[in-house]
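Novice: Before I ask anything, let me first share the structure, which is written out below as structure tokens.
The values are calculated or read from the model by the stated rules, or taken from the named source; none is laboratory data. The structure displayed is predicted, hence computed values, not measured ones. Glycine also receives a Cβ, built like all others from the backbone with ideal geometry; neighbour counts cover every protein chain displayed. Heads up: the accessible areas ignore ligands, DNA and RNA and are worked out on the full protein's heavy atoms, side chains in. Shrake-Rupley method; radii C 1.70, N 1.55, O 1.52, S 1.80 Å.
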Amino acid sequence: MKKISLIIISCFLAFLAQAQIDGEVLKPQSGKFLLQNATVVTVTQGILEGSSVLINDGKIEAVGQNLSSDGATVIDCSGHYIYPGMFDGGTRLGLVEVNSVPETQDFAEIGDVTPNMQALTAVNPNAVAIPVTRVSGVTTTLAVPSGGIFPGTAALINLNGYTPDQMYAGFKGLVMNFPSSARRSTYDRRSEEDIKKDAEKSMKNIAEIWGNAKKYHALKEKGGQLQYYPEMEHLSKAVSGEMTMLIEVNAASDIEQAIKWIKENEVKAILTGVAEGWRVADKIAEANLPVITGPMLSIPTRESDRFDASYANAGKMAKAGVKVAIRTNDAENVRNLPFNAGFAAAYGLGKEEALKAVTINPAEIFGVADQLGSIEVGKNATLLVADGDPFETKTQIKHVFIDGYKIPMTSRHIQLYQEFIERNPGLEKNVK
Amino acid sequence: MNKNIYLLLAGLILLVNAGFAQTKKGSVLIKNATVLTITQGVLENTDVLVENGVIRRIGQGINAPANTITINAAGKYLMPGIIDAHSHIALDAVNEATSPITAEVKMEDVVNPFEVSIYRALAGGVTISHAMHGSANAIGGQNITLKHRYGTFDPDDLLMKEAPRTIKFALGENPTRVHGRGKSIQPRTRMGVEAVIRNGFKEAQQYQKAWKDYENASKQRNSTAVPPKYDPRLQTLADILDGQIIIHCHSYRADEIYMLINVCREFDIKNIVFSHVNEGFKVAPELAAYTMGASVFADWWAYKFEVYYSTAFNAAILTRNGVVTSINSDSGELIRHLYHEAAKTQRYGELSDEEALALITINPAKQLGIEQFVGSIEVGKQADLVVFDEHPLSVYAVPQMTFVDGVKYFDINEDQDDQRLKVSATEMVEPIYLKEHDHKCMQDVDFFFTNFGRTLFGHTH
Amino acid sequence: MIITTKNYKQFLLLFWCSLTFTFSSVAQSDHTGKRRVSSAYAITNTNLFSSPEKSQTKVTIIIKDGLIHEIGPNPTIPSEAQLIQGDSLFVYAGFIDPAGDMGVSKPDEPNRPSDFDSSNPADEFAGITPYRNVMDQFDAKNSKIEEWRKLGFTVTQLIPDGGMLPGKTSVIVLGDPNNPNLLAQNTALSAKFTGARGMYPATTLGVMSKFREIYQNATLSSRHENLFASNAGLKRPAKNKTYEAFYPTLDKSIPIIFEVSNELEMRRAIKLQKELGFDLVLAGVQDGEEVIPSLIDANAKVLFSLQLPEDKASKSEPKEDAEEQAKRIDRVKESYEKSLKQAGIFEDAGIPFAFHTKGAKSGDMIKNIRLMIENGLSESAALAALTVNGAKILGIEKMAGTIEKGKLANLVLLTDTLFKEEAQIKHVLADGYLFDYDIKPKKNGKKENGDGDVSIEGKWRYTSSTPAGSSEGEMNFSKVADDYTGTITLDNPTGSGTLKPEMKEISLSGNKLSFSFEVNVQGNNLSIQVSGEVDGEEFSGSMSVAEFGSFPLDATKVPENAIKL
């Protein structure tokens, strides 16, 4: 038994050795790479067997058979699969280091209306969780601020870079937490009447704030000299449609309210969360609103709901015609994104749609499909190489490229494994 | 111990037995499945015959006795019921967080058979959960091992009568925060946690002696010996010293794990399992040598400072170092897909199918002291079984049916959507739960005003 | 003590003493001019329902000295008797309430010492005061007493207010309004699953363990005392008043009455009973049908509250996602209907039970009993639950519960048979004292609740349940011109001691009360909203804490000049 495990260990160490030798500092590498003889899952243009991908200057230069390896570092991908890098459509990755330590929480500012707070500013490029995440093939995440009604501006980032600007992936969205009219727990003993009243009150509150933003925008358009008002400055970008809104809304009746609100105010919006989207899927489809939903791995919103309501949500919305992207809403465990997609696939979304929901769909929803979301010539070389289906837990992710940079396949989790798989000294210290 | 208490205990045992006489037992023949026995390899195209709640035969071409339902599982996978060694579902209270030692309190007293989370666990193939006290106290309450016989209104029907007694311990941030920082009593540091536990055991030894002296004296003719005060707290600790109770200890850091290993060795306590044990990988040789194992999360980390230096490869490192390892949920959410949590050890450490499945079956059974009854598919064991449409370690696997004692409690094709057993007569608007996680290790603790901000943001195990 | 045949004589003696006392105390004549002229009454030619099984017409009942003196078609009417024309009246035994809290207030909390240890508090801090007696907190002049008497109640067993072991109960007769009219003291030990606030035992876990610990140590302590009493040279027993208070439950001379609020609490009380062996009475039984076998097994006595859940389901109209919502509402309806059927199911199962007033609104009593009757309860079982069953559970069936010669003169005189909608109570005789009530021409019997009726001024004591346990404090309202001002006390969330913030935005419209206040928690100002409904001296509502959630908050008005007896 011990022998067998030692063999397995040494095999694994051999693989890791390729990534890290004692004391060596590993950096992302740029240049020209030929990923040779793989099965290329392009997402948008079918599955190409026995094909290669040529990466140069951060871009996918060619995809096909018999590509020249001139000047390129050749990586043999026989028996492996190439997929586009995966998107997580909603996270706190980079905005928090240790959840329970307030000093490391940078996702919620004081105040209800703080659209001027920029998530991109607070993203820590050196967060320990970033390498932990990207070696799973998740390459691109939306960093989302939270708390209050308008908590700030979210930003799409690639998980490689030394400054936030190097990480920025081309999309920002104004976050809005749509008021919830739901009973919050069994301890919430408000009468039905009070719940209704509270909901009306919060809608009135939002109407007042939004009315203010509209006024600000209109006066500004007329060339009025207005006092410095950064909150309204940012809201007015959403009023004009210049900036997309990310509207967090979950309960069925709130989703309907939000759809109404979006129509009335003629804003450009993406619905996020949407935990009860399956209840009103037709209405979301009819309103033609894209959805970022998840995590699938969460308990159903109501005790009376079917046990798989949250697994099946994405599939039901997709079936109704909604464009769906997936998120983990996590920070340190964004690496579970492919598993969330796997569960959605198993419970009705299907494998093909699930793959789209973490690649091309979010790329389109965020308006970056010209650069990301599929393996196509001319797009950014943001992709992964795996020995199987990346949603399967058994699959090993072999390589990750972000904007053409070959990412070192290591993280703190892997380093601790390397040190402790065979601790020295073991139980006894060998000192003579 | 005085006679009355003996009588009382005897009465209790009778009572428990009487209660279990009525537990439902089923008979069923499952045919043509790929049987993942866990302990005896994978058997292709095999039949499993269950009679009266027990596995009677495993083989091919078995015919169903009269009145036994046959299920054709061709192309499907059959595995033993999943066992969760650390859970808080089906409980009305989790923490009696008012004293650093509350060894006397019993989770058995607060079992709630109406929680729909039991059904949802069954829908994820989990047939047994270890319903634990929370982690607020250095020595918490006595846990209870539950079989998920959902549908009963009697909490006693959920108890697994064969399971030995277990107790919760907790080290590190939680007990020091609740007591030291919250109430200015020991322990405030990891030094204090050791001292509190050591004090408890020492006092228990004195207590044992006082009762022994009394019992000896009362054997004398015309004895006028005066009984000492009864202290269920110290009595429980004495029972730990006597080897009657398995410790399940909430722990994270290597130093605190090592500390408790040393204290247990000093008091000659061998029945100890470490739970969560995120830094267990750092003391894997010690865990292998001196404990009943480690029960870990597949990948949780960074939700608090003491789990910042964690690795998802923990289970693999522990397994490879010979530690009996299990993967637990600690959550009403995770308990629904423990098969998937176990599968993550194939991504993080490339465990074999058999090793990965042992993490949620025979290994937790060993840690709960019930491996002779459950945890594998073997003739003579209790028929806790799950049918999957695909291999349970695949992310696409969907549990189809779950049996406890041969009785089917979950069937994906017979699910009623609303599976609540009890509905309030006045609650017209159902609450909508929007927190993605449902971790209860610290339930009932400073939930309200204190630490208000912290709890707002979720993670509190 | 429970009144058994053995001590019935003692009991009568106590009873007579109390009567004599009444007489001798007015030895210097009455200068109010209000004392009753005679204590003898004759109800003539009436319709008598002497027990749930037995009725007669055209009988005359003679009352004398607080007792039923004579019953018959033609008894001699003493010349001093005041006549009550009974021709068109229907006479029932006075109702018996085996668990009530009319006139009972909660004792003040003791001040905590500076070195207070929440992990090991003295009993009195933790709600463990079984040595107290409810009479110490009883106000005989409280208006609740008249509220229930007016509905026919003549005897009640008073349950003390407090924590897990608040004290012992006493049985009183609701007669002479100027006296507490004690029938028996220390009739049962009261218990419930209420955790202590912020100290051990805080949850059901701790309460169960603490209960066992006390009971077993009481057993040991009583053995120690017996040994000490009969032997020289022994260690002196440490006197512990908590253990001593349990002694009469050990030999079952009194039962333990457990107040339960759901099925699981009922099972927990039965579990303790099975382990420890005391006599068990369960009050507040709800959702009890699944527990019937265990109840029989434990030989537990069963009390139902006269309160029923509010019927919300039948009033609702389905909105969006109609079909799905309808299914959910059907389950709520089913549950509601089940709660109405409980009494009938217990009757069918042959389990005698009695109705109690604790936790019930007097205004709903008749409506609720009728609902139970519509849902399967027989009228005779309903009558038994109001009279003879309660008498048996309290052990006073020799003196109350039916109308027989020699029993206490506790009677209810109605204008029609008891459960008829037209029936109104015209007189109540309690302990031989006559109370007359106006008969209203029949309208819809709804209680009116106009603006003017609601008054919140004064001191209230509130309890709020949160996932962390319950919290308590006081609210004080005063009226300045047309506006209210007020303060609320609460435990300092981050330190020790209590805070007393000012209330803001106090609004009272109809019986709807709302206000808010602010607390500073770790540098953040937390705004807390409270809203709910006032019903007489009860407030029931909820408290919402910012985004965090909303929690039930109930309050009771503290009587301004509570007379402690």
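Novice: Just counting partner chain Cβ atoms within 10 Å, what average do the residues of peptide B:87-99 show around their Cβ?
Specialist: Average neighbour count from other chains, rounded to a whole number: 6.
Novice: Follow-up question, since we're still on this one. Taking a 1.4 Å probe, which of C:Ile506, A:Ile421 shows the most accessible area, and what order do the others take after it? Could the numbers behind the result be given before it?
Specialist: Numbers: C:Ile506 35, A:Ile421 10 Å².
Sorted by accessible area, descending: C:Ile506, A:Ile421.
Novice: Return one number: the angle in degrees, 0 to 90 and rounded to the nearest 10, between the long axis of the Cα atoms of helix B:254-266 and the longest principal axis of the Cα atoms of chain B.
Specialist: 70 degrees
Novice: Report, largest value first, the span of the C-alpha coordinates of chain B along each principal axis, in whole Å.
Specialist: Result, largest extent first: 68, 58, 54 Å.
Novice: By average Cβ neighbour count within 10 Å, what is the ranking of A:90-97, B:197-204, B:184-191 from highest down?
Specialist: By packing density, highest mean first, the sequence is A:90-97, B:197-204, B:184-191.
Novice: Please compute the Cα-Cα pair-distance distribution of the range C:52-161 with 5 Å bins starting at 0, giving whole percents from short to long.
Specialist: The percentages, shortest bin first, are 2, 9, 13, 13, 12, 11, 10, 8, 6, 4, 4, 3, 3, 2, 0.
Novice: List the residues, sorted by chain then number, that are 5 or more residues from A:Ala331 or on another chain and whose placed amide H is less than 5 Å from its amide H.
Specialist: Counting only residues 5 or more places away or on other chains, the set is A:Arg92.
Novice: Still on this model: To the nearest 10 degrees, how steeply does helix B:3-20 sit against the main Cα axis of chain B, on a 0 to 90 scale?
Specialist: 10 degrees
Novice: Kindly point out which whole DSSP H helices in chain C project their C-alpha atoms 24 angstrom or further along the helix axis while averaging a Kyte-Doolittle hydropathy of -0.5 or above.
Specialist: What comes out of the filter, once short or polar helices are dropped, is C:5-25, C:204-230.
Novice: Can you give the accessible area of B:Leu36, probe radius 1.4 Å, in Å² rounded to 10?
Specialist: Counting only protein heavy atoms, B:Leu36 exposes about 10 Å² to solvent.
Novice: Using a 10 Å cut-off on Cβ atoms, rank the peptides B:411-420, A:130-139, C:259-268, C:324-333 from the highest mean neighbour count down.
Specialist: Descending mean neighbour count gives A:130-139, C:259-268, C:324-333, B:411-420.
Novice: To continue, here is another question. In degrees, nearest 10, range 0 to 90: what is the angle between the Cα axis of helix A:230-239 and the longest Cα principal axis of chain A?
Specialist: 90 degrees
Novice: A follow-up question, please. Assuming R0 = 30 Å, what is the FRET efficiency of A:Asp57 and A:Leu226, from their Cβ-Cβ distance, to the nearest 0.05?
Specialist: Here the calculated transfer efficiency is 0.10.
Novice: Okay, moving on. Magnitude of the Cβ-charge dipole of the range B:81-373, K/R +1 and D/E -1, about the Cα centre, nearest 20 debye?
Specialist: Values: 30 positive and 35 negative charges, 150 e Å.
About 720 debye.
Novice: Now a separate question. Please work out the Kirkwood hydrodynamic radius for the range A:86-369, using every pair of different C-alpha atoms, and report it in angstroms with one decimal place.
Specialist: 19.3 Å
Novice: Quick one: putting +1 on the C-beta of Lys and Arg, -1 on the C-beta of Asp and Glu, what dipole do you get for the range C:202-349 around its Cα centre, in Debye to the nearest 20?
Specialist: Its charge dipole is roughly 1100 debye.
Novice: So with the 1.4 Å probe, I'd like the accessible area per residue for the protein assembly as shown, rounded to whole Å².
Specialist: I get 40 Å² per residue for this part.
Novice: Using the structure shown, list the pairs from C:Lys150/C:Lys358; C:Lys301/C:Lys426; C:Lys341/C:Lys420; A:Lys27/A:Lys356; B:Lys106/B:Lys219; B:Lys161/C:Lys271 with a Cα-Cα distance above 22 Å, or answer none.
Specialist: Those over the limit are C:Lys301/C:Lys426; A:Lys27/A:Lys356; B:Lys106/B:Lys219.
Novice: Rounded to a whole number of µm²/s, how large is the Stokes-Einstein D of the range A:38-197 at 37 °C and 0.692 mPa s, given Rh as the Kirkwood radius over C-alpha pairs?
Specialist: 174 µm²/s
Novice: In whole Hz, what ³J(HN,Hα) sequence does the range A:246-262 give by Karplus (6.51, -1.76, 1.60; θ = phi - 60°), x for Gly and Pro?
Specialist: Once θ is set to phi - 60°, the couplings for the range A:246-262 become 9, 9, 7, 7, 10, 6, 3, 5, 5, 4, 4, 4, 5, 4, 4, 4, 4 Hz.
Novice: Please report the relative contact order for chain C, taking Cα pairs under 8 Å with a sequence separation of at least 6, and give it as a percent rounded to a whole number. Mind dumping the intermediate values first?
Specialist: Values: 1150 pairs, mean separation 79.4, N = 565.
Result for chain C is 14 percent.
Novice: Taking H as built 1.01 Å from N, whose amide H comes closer than 5 Å to the amide H of C:Lys504, not counting residues under 5 places away?
Specialist: Hits under the 5 Å cutoff: C:Ser516, C:Phe517.
Novice: Once you keep just the Cα pairs under 8 angstrom separated by 6 or more residues, what percentage relative contact order results for the range A:86-369? Show your work: numbers first, answer last.
Specialist: Working: 582 pairs, mean separation 53.1, N = 284.
Normalised by residue count, the contact order of the range A:86-369 is 19 percent.
Novice: To continue, here is another question. Report, as an integer, the average count of C-beta atoms from other chains found within 10 Å of each Cβ along A:276-287. Please list the in-between numbers first.
Specialist: Values: counts 3, 0, 0, 3, 2, 0, 0, 1, 0, 0, 0, 0.
Taking the mean over all residues of the peptide, I get 1.
Novice: Still on this model: Please compute, for peptide C:457-463, the average count of beta-carbon atoms on other protein chains lying within 10 Å of each residue's beta-carbon.
Specialist: Working: counts 0, 0, 0, 0, 0, 0, 0.
Across C:457-463, the average partner-chain Cβ count within 10 Å equals 0.
Novice: May I ask you to order C:110-121, B:423-434, B:292-303 by the average number of other C-beta atoms within 10 Å around their residues, highest value first? Mind showing how you got there, number by number?
Specialist: Numbers: C:110-121: 12.7, B:423-434: 19.1, B:292-303: 25.8.
Descending mean neighbour count gives B:292-303, B:423-434, C:110-121.
Novice: Taking the Kirkwood radius as the inverse of the mean 1/r across Cα pairs, report the Rg/Rh of the protein assembly as shown.
Specialist: 1.01
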